[in-house]
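What follows is one structure encoded as structure tokens, with my remarks underneath.
The values are calculated or read from the model by the stated rules, or taken from the named source; none is laboratory data. If you're wondering where the values come from, they're calculated on a predicted model, not measured in any experiment. Positions of Cβ are generated from backbone atoms using ideal geometry, with glycine treated the same way; all protein chains shown enter the neighbour counts. Only protein heavy atoms, including side chains, enter the accessible area calculation; ligands, DNA and RNA are left aside. Shrake-Rupley method; radii C 1.70, N 1.55, O 1.52, S 1.80 Å.
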Amino acid sequence: MSALSTVYDLTRLITSGMPVYPGDPPVQVTPMSSPPWQVSALALGSHSGTHLDAPRHRFAHGPGIDDFPPERFIGQGVVIDVRGYPANAPIEPTVLDGYQIWPGMMVFFRTGWDDFWGSDHYFRHPYLSAALANTLVQQRVGLVGIDALSVDSTVDGSDAAHVLLLGAECLIVENLCNLAVLTCGARYTFACLPLKLAGADGAPARVLAWVDDSSVATR
């Protein structure tokens, strides 16, 4: 049995009034009066907070969240440091230089833009260029994540990265946070666990990371 090290939480807290993509439903968490029980009503979009995009998000007849087996949401991967890109700038394929990329892996891009969460600047994040998205597809990456509002430009409303990635059934995780606690280039096991919503185009997800050292025996 393998020893589990520190588990890192890369998930945004869901709160009323949190930032959402322009035009998406606002988030509202409302405590209900039902003493002695505590119950809350939740109103939110399928892409609220840290969330997973399924192909159906862009392709009406594509697979939904519930069409993927659990093993697609857990796997090994790396964080790639892309800090230094200016606002609303495309991230190019050269950022992959020096990193080991393999089929089925998860790739997370640390832009540093999670520092701007809650400010207007958060919406002007860097994004994946079409060339970078295409390179990830060609290398058969299984999931791509970013610590920003979208893998495409929010300012321009572009969709090239979504089209390329989701068209290849490469899942997308957006609005990550705390990537700074992970070592860029080191291999981690990630769990990106979305709510199991029927036919959904996406779903809020709890995203975790840890180093799974199977060589250390538990006592």
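Below are the figures for this structure:
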| quantity | calculated |
| --- | --- |
| 3J(HN,Hα) from dihedral phi, region 22-39, Karplus parametrisation 6.51/-1.76/1.60, rounded to Hz, x for glycine, proline | x, x, 6, x, x, 9, 9, 10, 10, x, 9, 8, 8, x, x, 8, 9, 9 |
| Per residue value of the accessible surface for the chain (all protein chains in place, 1.4 Å probe), Å² | 48 |
| Integer Hz, Karplus 6.51/-1.76/1.60 couplings in order for region 69-75, x for Gly and Pro | x, x, 5, 6, 9, 10, x |
| Environment charge at Phe116 (Cβ cut-off 11 Å; Lys +1, Arg +1, Asp -1, Glu -1) | -3 |
| Simple Cβ-charge dipole of the chain, Lys/Arg +1 and Asp/Glu -1, about Cα centre, in debye nearest 20 | 400 |
| Net charge of neighbours whose Cβ lies under 12 Å from the Cβ of Gly145, counting Lys and Arg as +1 and Asp and Glu as -1 | -3 |
| Sulfur and carbon atoms: percent of accessible area, region 8-57 [1.4 Å] | 63 |
| Rule-of-thumb Rg ratio for region 1-130 [Cα; 2.2 N^0.38 Å; N residues] | 1.30 |
| Residue-span extension gain [Phe68 to Gln38] - 0.36 nm each, minus C-alpha spacing | 7.5 nm |
| Placed amide H near Gly104: partners under 5 Å, 5+ positions off or other chain | Val141, Gly142 |
| Descending Cα extents along the principal axes, the chain, whole Å | 56, 54, 35 |
| His51 long-range amide H proximity, modeled H, under 5 Å | Glu174, Ala205 |
| Farthest positive-ward along region 67-147 dipole, Cα basis, beta-carbon charges - from Phe116, Val137, Ile80 | Val137 |
| Amide H contacts of Thr11 (H built 1.01 Å from N, under 5 Å, at least 5 apart or other chain) | Cys177, Val207 |
| Within the accessible area of region 119-219 (1.4 Å probe), percent carbon and sulfur | 51 |
